[in-house]
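Written below as structure tokens is the structure these notes are about.
The values are calculated or read from the model by the stated rules, or taken from the named source; none is laboratory data. Just so it is clear, the model here is predicted, and its values are computed rather than measured. Every residue, glycine as well, gets a Cβ built from its backbone with ideal geometry; the counts of neighbours run over all protein chains shown.
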Amino acid sequence: MAKIYIRFELIGSGNLDYRNIVSARLVKDRYTPYSELRASVVLNNSINLNNIRRVALYIDSRRMHYGPADYIRTRVRGGKTVLELISRGITLMLGQNEPEPGVWSKVSLTDIMKSYSPSSEITYESGTDTVNYVNIKEKSTLWEAIGVYAVKAYGRRAYIRGDRQVNVSLSILSVNIGTQRIIEYGKQLHVVNLGRIAGTLFMLMAVRKYRNIGGAVVGALTTCGVLLCTPSLARNTLLLATSGLICGAFLQFGSLVIVLVFLAVSLVSLVAMGVNGDTFSMFADLLIGSVLFIALPVPVIKRVAKKVVGVKNSVDLVGQTTSSKLSMASRTLGGIRGQLTMVTAAIDKRSKEATLSKRVRSVVCTDCDMYSVCSKRCVQLDDSFSKLESIVCTYNNLSLDDVEKHLGGCVRKSLLCKSFNELYTDFVTERADSMRVREMREFLSEQLSSMEDILSDLSFRAGQVRSVDPQLSARVREHFSNLGYPNVKACVYIDENLCQRVDVFITAQFRGDLVRLTATLSEMIDYDLDMPVIVKVDNITRMSFAEIPKFTVDIKSFSASSSGEYSGDSFEVFDSSVNEKYIVLSDGMGTGKRARLDSLFSVSLVTRLIRSGMSMQTAHRLINSMLRVKGWEESFATLDIMRLELNGGTVQFLKSGAAQSFLFRDGGLKAIGGQAFPAGILAECTPDVSELKLFDGDVLLMTSDGVEDATAREILRCNGMNAQEIVTALGAKALAQRTGGRRDDITIIAAKIFLRDENEK
């Protein structure tokens, strides 16, 4: 039998091998640089998790996986310490690194790897053929470039041999190219299964609430969950649906009878399916779940049910109704805006048809005796009138010589010349009035569109509330009232990310101890809350509490002005809530004081709008409208917004004329950019919006256009540095490159992501 073990490579202190593996799952794909290991091992000695550099999986002497430890935590299961880990293979860097685009001539696999390989630990096949050229497109990855070369050289795809070698030919013997290889290993610890215990408890709760139908449904769902997570345990779990269906018929006899019938039916079913290694563990899980059901009082069960996603109370229904009302109002404004657009288009069409030439012809030509003769020369006549109109519009006057030149056969030359000059004055006045009215209609349409977006944002946020706890909300209000703050509005709820939140509104400035207040509220709702985000508008103060997020971030910046007095770049780092952090960067047009005013205006307004509850897109639309009507001759600014969601571990980018941002991960670099116009240029300015998943150790880089892409890509050399060291190094590089070339304002912002240790909460 093959021996499987996991090896931890430690920083500066050798290796540790663990053979007591609870479970291991390895997914490998030869044709993509993808490899992921998920494993759990029993620790038999102490280990510093921060010293783990690499993780390897061995079967006998063959190494099947090798890569960094992306996620590590320890848990106590059955009295034993179990280490759980997730590790991606080092070859994944090939799909993250972006080489410089261009056409490379006389290229081999060695040339590509030596030029662009993100890690010396990745090996490759040597002695490969040379091709005439390889075209590396914009934003293509290193693996894509290798794939293009492989097709050109050998007419087949590149593949990964072993755990880290890139191959493009079949010259190496005993190569078995498969679509996908999956390795699974697992054994059961002698511990109870919390999933089955919880399933038993919730199934009995469903029997009490919904009789036998509820028991059968929840029992079946529990079986499905066990089947997906631990297939080896699913066989015995099949009895839950049947047992729930049968015991529901005895509801009228009380909870104790329900439990006894349930256990009896389950025991008979287990014996009928045959005694195996999981039989006694299964019955123990059922017994523990039944005891919990008997021991928990009904009020506690109801309180727990309110926290379960999908259980709605009256407050939730009010929130949903409010969301629907706001959505209807938003759609109504959208309909009005659509009608206004149709009316504007119809009026513009009529205005374009009523030209100066047509007005002059209606006055001069209609009652002329020669009109029928001139009408036969329709094309020539239209062309002559167009030329006369062009002359009067260019020079603001029309002479008889001009009429003689273009309409020499006209019998009413003097009247024609006089009418053109007189009607032109009226025509210009009407056109100016029409333009002003049109601008007003466009401005009204923009305002309606902005109001539509605001109501849509409010509707979305109102619908995000999963469940509200009225009792806890009342306790929080009472606590603030006791502190001396009347007219308190408080709400304790669970948001769409299943995060516990507390929002408090007071009509004064809070002057108490925030640390003590946070500790008191944490104890009150039985959740570890982070320090609140406080927003004050006029005399209203909002205090937003939330669970301590899973991730934390270290943000540092570097700025340098081109003139030394005023910088056209402005930025702001702020929290919208405990779990939401924003970075806003704006570059005003040009340099100096004027550019500074534009960028400060944009950043300040975006900050205020987002902190008030609006989305990035709505804030951008309002900024675009305000810059267009600010009154200056020409006013625009780039807008670069980064939203970090620290609970779910995601980042969103909004770019409007901004420079590229970069994601640095595991030695690879990904560029994030767009082609949108800066805010304030066009009425309809759609920004580029993108979203990425975050992992521990990721570095996000945001720069202004004063930093060249080549300078920003120097972050590849900053592996192991903290955020401050990164911005200092890149800032010095940017200043050195600026000396002989164009001088522009420089701003560099680095954000390094860390997975918070659960023991720190």
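Just name the residue that is nearest to Ala671 (Cα to Cα) out of those in the range 151-160 that are without any contact (Cβ under 8 Å) to a residue 24 or more places away in the chain and not β-branched (Val, Ile, Thr).
Lys152
I need the full set of residues from the range 530-551 which are part of a strand (DSSP E or B), crowded, with 17+ Cβ neighbours inside 10 Å and not charged (D, E, K, R), in order please.
Passing the criteria: Val533, Val535, Thr541, Met543, Ser544, Phe545, Ala546, Phe551.
Taking the residues in the range 607-630 that are part of a helix (DSSP H, G or I) and within 22 Å of Phe505 (Cα to Cα) as candidates, determine which candidate is modelled with the highest pLDDT.
Looking at the filtered set, the residue picked out is Thr607.
Among (1) part of a helix (DSSP H, G or I); (2) modelled with pLDDT of 80 or more; (3) of a type outside the set (S, T, N, Q), which single condition is Lys593 missing?
(2)
Could you check Ser570 against (1) in contact with a strand residue (DSSP E or B) (Cβ under 9 Å, 6 or more places away or on another chain); (2) not in a strand (DSSP E or B) and say which number it fails?
Unmet for Ser570, out of (1) in contact with a strand residue (DSSP E or B) (Cβ under 9 Å, 6 or more places away or on another chain); (2) not in a strand (DSSP E or B): (2).
Spot the failing condition for Asn487; the list is (1) within 23 Å of Arg608 (Cα to Cα); (2) assigned to a loop (DSSP other than H, G, I, E, B); (3) of a type outside the set (Val, Ile, Thr), and only one is missed.
(1)
May I ask you to say which residue of Asn44, Asn50 is of a type outside the set (Ser, Thr, Tyr) and assigned to a loop (DSSP other than H, G, I, E, B)?
Criteria check complete, one pass: Asn44.
Any residue at all in the range 105-115 that's in the same structural domain as Val22 (by TED's automatic domain parsing), basic (Lys, Arg), surrounded by fewer than 18 Cβ atoms within 10 Å (Cβ to Cβ) and part of a strand (DSSP E or B)?
Within the range 105-115 (the criterion being in the same structural domain as Val22 (by TED's automatic domain parsing), basic (Lys, Arg), surrounded by fewer than 18 Cβ atoms within 10 Å (Cβ to Cβ) and part of a strand (DSSP E or B)), the answer is no, since none of the residues qualifies.
Being among the small types (Gly, Ala, Ser) and either at pLDDT 90 or above or surrounded by 18 or more Cβ atoms within 10 Å (Cβ to Cβ) (or both) is the filter here; which residues of the range 691-711 pass it?
Ser704, Gly706
If we keep just the residues of the range 41-64 that are of a type in the set (Ser, Thr, Tyr) and closer than 20 Å to Gln165 by Cα, which is surrounded by the fewest Cβ atoms within 10 Å (Cβ to Cβ)?
Ser61
If you go through the range 65-73 one residue at a time, do you hit one that is farther than 26 Å from Ile6 by Cβ, without any contact (Cβ under 8 Å) to a residue 60 or more places away in the chain and surrounded by 13 or more Cβ atoms within 10 Å (Cβ to Cβ)?
no
Can you tell me which residue in the range 235-274 is modelled with the lowest pLDDT, limited to those that are over 22 Å from Gly195 (Cα atoms) and among the aromatic types (Phe, Trp, Tyr)?
Filtering first and then ranking leaves Phe253.
Looking for whichever is at pLDDT below 80 and not assigned by TED's automatic domain parsing to the domain that holds Val504 here; the options are Asp598, Asp587, Asp575. Which one fits?
Step by step, each of Asp598, Asp587, Asp575 is checked, and only Asp598 is at pLDDT below 80 and not assigned by TED's automatic domain parsing to the domain that holds Val504.
Where the second residue is surrounded by fewer than 19 Cβ atoms within 10 Å (Cβ to Cβ) and of a type in the set (S, T, N, Q) and the first is more than 15 Å from Ala490 (Cα to Cα) and lies in the range 520-548, which pairs have Cβ atoms under 6 Å and are six or more apart or on separate chains?
From residues that are more than 15 Å from Ala490 (Cα to Cα), the pairs are Asp528/Ser522; Leu529/Thr518; Leu529/Ser522; Met531/Thr518; Asn539/Thr507.
Would you be able to say whether some residue in the range 476-489 is under 30 Å from Lys693 (Cβ atoms) and either buried (at least 20 other Cβ atoms within 10 Å of the Cβ) or not basic (Lys, Arg) (or both)?
no
Take the residues in the range 74-91 that are of a type in the set (A, V, I, L, M, F, W, C) and within 15 Å of Ser23 (Cβ to Cβ); name whichever of them is surrounded by the fewest Cβ atoms within 10 Å (Cβ to Cβ).
Ranking the candidates gives Ile86 first.
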